[in-house]
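What follows is a set of notes on a single structure, which appears directly below.
The values are calculated or read from the model by the stated rules, or taken from the named source; none is laboratory data. All values reported here derive from a predicted model rather than from experimental measurement. No Cβ is skipped: glycine too gets one built from the backbone with ideal geometry, and neighbour counts run over all protein chains shown. The protein model used for the area step is the full one, side chains on, heavy atoms only, and it has no ligands, DNA or RNA in it. Shrake-Rupley method; radii C 1.70, N 1.55, O 1.52, S 1.80 Å.
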Amino acid sequence: MALFDLPLDELRAYRSESPEPDDFDAFWDKTLQQAREHELDARFEPVETGLSTVEVYDVTFAGFGGHPVKGWLRLPAGAAQPLPLVVEFIGYGGGRGLPHENLLWASTGRAHFVMDTRGQGSAWGGGGGTPDPVGAPPAYPGFMTRGIDAPENYYYRRVFTDAVRAVEAARRHPLADPARTAVTGESQGGGIALAVGGLVPDLVAVAPDVPFLCDFPRATTLTDRHPYREFGLFLKTHRGRSADVLHTLSYFDGVHFAARGRAPALFSAALEDQTCPPSTVFAAFNAWAHEDKAIEVYEFNDHEGGGPFQEAEKVRWLRSYA
C-alpha cells in the first residue's frame, strides 16, 4: 500500500488524544515497587559459542512477580573495564534467539543485553525460553488481549516490568557501565524501549524503531493488520467493551511513557507502515519530553522501516551518548 496515513507535515504536528489515567505514575510506582520486593538474583553463565571476537553469557534474572526471565549478555572478547551498555528488546512473537546471533552492538565495543520476552519466542527467529506463568481471562489468540479486563492483569504490565528489571540486571555485570546505559528495540521492542525510557530515569539514550504499542485509540481503528487487529477481533465477540479495553490500554500507551522521557532519543518511522502506522509513531515522538530528539523517516517502506540503514544510523548516533 502507498501512503495511507497523514501527510508528513501533519505527522510532524500530530498529537495523540489518548487520555492519560490520573493514577498512571502511582500505578507504575506500585508495580515496580512490588517487583523489587523480589531479589533480582541476576546470574551470568558463560556460553561456549565458537566465536572469537564476542563472549556470550546466558542470563537469568527475576522479573515481574519474581518470575525467572532469560537474556543474553554479549561482550567484546577480552574486555577488561566497564563498557557502555545497550539493552535491546525484541519484536512481537520473537525471543532472544541463539547465542551467536545479533552481534552488532558487541562488535561496536559495547556490552549488549537482549531480553527474552515472556511467553513469546515461537513465531520467528531462533526461539525463546521464558514462560509466562500468569493466567488470564478469555482472550483473542496472541498476546494483545491477555488480561485486558484490568490494568493490573494486563500482559504488558508483566513485560514492561521485566524490561525495567532487565536494565537493572544487565547493570549488575562488572563489565557493564550503569552510567552509560542505552535502550533500543524495533516494533514491539521499540514500544518496550519507550516504556523503559519513561520508567528508568537515568538512561543516556533511547532508540525506538517503528515502535508498536503507541496511541492505542488511533491504532486500533486505523489499521486492520495484526497485532493491533487482535483488539478488533476480541471486541467483535465481546460487544460493548471498547471503553473498558481502552481504559486498560491507557496505562500502557507509549505516548504517556514518552511524555516522561528523560534521555536523548532517536526514533524511526515508515510512511507505508500498516503494522505501526506512522501517526502512532509520531504521536510518541512528538510527546517525547527530552528536547534532544530526532526521527528518521523512510518514505516508501512498510514495517521493515529503515532496516540496515537505520542500524547504521543508530551506530553513528549513539557515539555521542554511549
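Key figures
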quantity: Pairwise FRET efficiency - residue 52 versus residue 225, Cβ, R0 = 41 Å, nearest 0.05; calculated: 0.45
quantity: Among 282, 49, 21 - extreme Cα towards positive end, dipole of the chain, charges at beta-carbon; calculated: 49
quantity: Set of lysines near residue 314 by C-alpha distance (under 23 Å), chain-local residues within fewer than 8 positions excluded; calculated: 293
quantity: Candidates 262, 110, 239: whichever shows maximal mean-square fluctuation once the chain is modelled as a Gaussian network with Cα springs under 10 Å; calculated: 239
quantity: Calculated [θ] (222 nm, deg cm²/dmol) that DSSP helices of n ≥ 4 give over the chain, each run adding -39,500 (n - 2.57); calculated: -8500 deg cm²/dmol
quantity: Amide H contacts of residue 87 (H built 1.01 Å from N, under 5 Å, at least 5 apart or other chain); calculated: 113, 182, 183, 184
quantity: Virtual spin-label span in nm between residue 80 and residue 98, 7 Å along Cα→Cβ; calculated: 3.3 nm
quantity: Solution diffusion estimate, µm²/s, Stokes-Einstein, region 154-224, Kirkwood Rh from C-alpha pairs, 37 °C, viscosity 0.692 mPa s; calculated: 253 µm²/s
quantity: Average accessible area per residue (Å²) across the chain - probe 1.4 Å, nucleic acids and ligands excluded; calculated: 40 Å²
quantity: Label-to-label distance, nm, for residues given as residue 153 and residue 27 (7 Å Cα→Cβ offset); calculated: 1.5 nm
quantity: Whole-percent carbon and sulfur share, accessible surface of the chain, 1.4 Å; calculated: 50 percent
quantity: Amide N proximity, region 219-254 versus residue 289 label position 7 Å along Cα-to-Cβ, cut-off under 20 Å; calculated: 250-254
quantity: Summed residue charge, Cβ within 13 Å of residue 51's Cβ, Lys/Arg positive, Asp/Glu negative; calculated: -2
quantity: Within a Gaussian network of the chain (alpha carbon springs, distance under 10 Å), most fluctuating of 242, 279, 18; calculated: 242
quantity: Fraction of the pair-distance distribution of region 33-95 above 19 Å, Cα-Cα pairs, percent; calculated: 46 percent
quantity: Debye, to nearest 20: dipole size of region 205-296, +1 on Lys, Arg Cβ, -1 on Asp, Glu Cβ; calculated: 400 debye
quantity: Per-residue ³J(HN,Hα) for region 24-40, Karplus 6.51 cos²θ - 1.76 cosθ + 1.60, θ = phi - 60°, Hz, x for Gly and Pro; calculated: 4, 5, 5, 4, 6, 4, 5, 4, 6, 4, 5, 5, 6, 6, 8, 4, 4
quantity: Size of electric dipole in the chain: Cβ of Lys, Arg +1 and of Asp, Glu -1, about Cα centre, debye, nearest 20; calculated: 420 debye
quantity: Amide H within-cut-off set for residue 238, under 5 Å, with H built and near neighbours excluded; calculated: none
quantity: For the chain, the longest site-free run once chymotrypsin sites (Phe, Trp or Tyr not before Pro) in DSSP loop states with at most 14 other Cβ atoms within 10 Å are removed; calculated: 125-299
quantity: Relative contact order, percent, the chain [alpha-carbon distance under 8 Å, six or more residues apart]; calculated: 18 percent
quantity: Among beta bridges that DSSP assigns inside the chain, antiparallel share in %, nearest 5; calculated: 45 percent
